[in-house]
Amino acid sequence: MALQSKSFGGDSKLEAAAVSDPAHILRGASGEHVSKIQRALMQLFDQAAIERPELSDASYGDSTEKTVKAYKSRKDQEIINHTYQSSPDAIVGKMTMAKLDGELVEKEKDDPDYFFFRDAQKELVKADIARARVMVGNVVARLRLVGGIGPDGGLLIMPRNYLYYETKLKILNVFHINSFRDDDLPAPQDIVARLTREFSGFRGLPAQAGDVSDQINFSVLLENFANLQASLDRPFNREFYTMGTFRGAPLSFYAAFVDARNPKDETVRFTRNYFDERIMPTQDDRAVTVAHERCHTIFRAKGHPGTGDNPFCVTPHLGDPNVTSSEEALMNPYCYEWFIVSMQPTYLPRQDRNNGCGT
Ligand SMILES: [Zn+2]
């Protein structure tokens with residue numbers, strides 16, 4: 001292997017281009033290796049201006065050609081072969097590959113888990129992951145509180161206040177787990193009155209406390225959230241991804257995704273949608289998206305049982321009525337995402353209803 005960077009290394013077409021003149025890459029080429037060159041140029045070269053269709057199809061067209069030429073002009077002494085050239089061409093051959101690879105190696109030294117991001121994108125993702133840690137931390141704390149479990153696993157005495165009942169209702173709505181205990185019910189009148197007032201979609205508390213399977217499922221839920229929290233602290237690969245397909249399947253609206261067929265690959269791939277404020281308006285939207293993708297990997301959750309891949313207009317604290325069992329919910333990353341949203345201190349069950357799309 002000639003290539004030293006993790007971003008390029010091991011790609012057979014790029015490896016070939018780095019050592020063999022006939023394997024050079026030029027206009028008309030397409031495929032994953034072209035996408036890697038495009039993304040490397042965008043990461044390393046501020047003036048890179050590659051158009052969306054070329055990025056989407058990973059095709060070496062006009063705008064890629066212009067960017068390659070501009071990049072080679074900047075590096076003029078190193079990339080022009082003066083024995084037969086006076087101005088740069090648009091061929092990605094041995095010299096260009098060596099230059100790109102060397103610069104990628106330098107970038108990877110700073111942040112070995114981040115690939116192909118521009119610096120500003122990388123800082124945004126880092127901040128979003130930090131925010132996801134805080135948000136998931138809030139969930140773990142509240143689950144421990146209502147479960148009466150201290151951080152060290154010891155038992156706590158829990159206050160049966162409004163927050164206590166409200167949290168248990170959200171667990172019931174989103175995950176179909178009845179965590180109410182015999183001595184929780186019936187709830188004090190003032191709490192029921194406040195739930196009626198403030199908790200949109202409130203249809204009363206369950207008549208009975210949960211059974212043994214509910215208790216087991218609650219333990220699984222708490223353990224899963226603790227694992228999710230830990231998974232945000234562990235290193236995992238993050239990659240900026242610009243192609244419109246992954247393994248032949250269209251990505252359409254996805255902001256981030258993982259390789260569901262290969263759970264050993266923990267790489268979270270971020271698309272341009274992730275950085276588009278019209279699609280991801282707030283940091284919290286991005287943070288729960290990162291958490292969602294980590295759920296796919298750590299719970300080996302291949303799809304979204306119950307909801308399918310595209311649930312719209314879901315009220316976070318009520319969950320999706322199409323999810324009908326705790327088995328489905330515990331394997332559906334959307335349920336974790338909604339639950340995280342609904343567990344934040346600033347969340348208002350009265351206000352956050354159907355994300356503003358309908359009644
Ligand atoms: Zn998903």
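Odds and ends about this structure:
Residue-by-condition table, conditions (1) at negative phi; (2) surrounded by 13 or more Cβ atoms within 10 Å (Cβ to Cβ); (3) more than 16 Å from the ligand (Cβ to nearest atom):
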residue	(1), (2), (3)
202	yes, yes, yes
207	yes, no, yes
214	yes, yes, yes
252	no, no, no
261	yes, no, no
268	yes, yes, no
293	yes, yes, no
298	yes, yes, no
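- Count of the range 60-73 residues, restricted to those that are crowded, with 21+ Cβ neighbours inside 10 Å and at pLDDT below 95, is 2.
- Residue, most open to solvent (accessible area, probe 1.4 Å), within the range 300-336, restricted to residues that are away from the ligand (no atom under 13 Å from the Cβ) and among the aliphatic types (A, V, I, L, M): 318
- Residues satisfying the stated conditions in the range 113-149, i.e. within 30 Å of residue 180 (Cβ to Cβ), among the hydrophobic types (A, V, I, L, M, F, W, C) and open to solvent by 40 Å² or more (accessible area, probe 1.4 Å): 134, 141, 145, 149
- Boolean, residue 195 is buried (at least 17 other Cβ atoms within 10 Å of the Cβ), part of a helix (DSSP H, G or I) and touching a Lys or Arg at 6+ places or on another chain (Cβ under 8 Å): no
- Checking each residue in the range 216-228 for being farther than 15 Å from residue 149 by Cα and open to solvent by 60 Å² or more (accessible area, probe 1.4 Å) picks out only 227.
- Residue match in the range 228-246 (condition: within 16 Å of the ligand (Cβ to nearest atom) and more than 26 Å from residue 343 (Cβ to Cβ)): yes
- A residue that is touching a strand residue (DSSP E or B) at 6+ places or on another chain (Cβ under 9 Å) and closer than 17 Å to residue 334 by Cα cannot be found anywhere in the range 246-253.
- Failed criterion for residue 49 (all others in (1) at pLDDT 95 or above; (2) assigned to a helix (DSSP H, G or I); (3) of a type in the set (A, V, I, L, M, F, W, C) hold): (2)
- Pairing residues of the range 251-263 that are outside the structural domain of residue 308 (by TED's automatic domain parsing) with residues that are within 12 Å of the ligand (Cβ to nearest atom), at Cβ distances under 6 Å and at least 6 apart in sequence or on separate chains, gives no pairs at all.
- The range 230-248: number of residues that are assigned to a helix (DSSP H, G or I) and either open to solvent by less than 60 Å² (accessible area, probe 1.4 Å) or at positive phi (or both): 3
- Of the candidates 94, 126, the single residue that is in the same structural domain as residue 68 (by TED's automatic domain parsing) and either within 20 Å of residue 344 (Cβ to Cβ) or of a type in the set (Lys, Arg) (or both) is 94.
- Of all the residues in the range 12-59, those that are without any contact (Cβ under 8 Å) to a residue 40 or more places away in the chain and open to solvent by less than 10 Å² (accessible area, probe 1.4 Å) number 2.
- Residue check, residue 146 without any contact (Cβ under 8 Å) to a residue 40 or more places away in the chain, of a type in the set (A, V, I, L, M, F, W, C) and more than 25 Å from residue 320 (Cβ to Cβ): no
The values are calculated or read from the model by the stated rules, or taken from the named source; none is laboratory data. Note that the coordinates shown come from a computational prediction; the quantities given were computed from them, not determined experimentally. A quick note on method: Cβ atoms are made from the backbone with ideal geometry, for glycine too, and the neighbour counts reach across all protein chains shown. The protein model used for the area step is the full one, side chains on, heavy atoms only, and it has no ligands, DNA or RNA in it. Shrake-Rupley method; radii C 1.70, N 1.55, O 1.52, S 1.80 Å.
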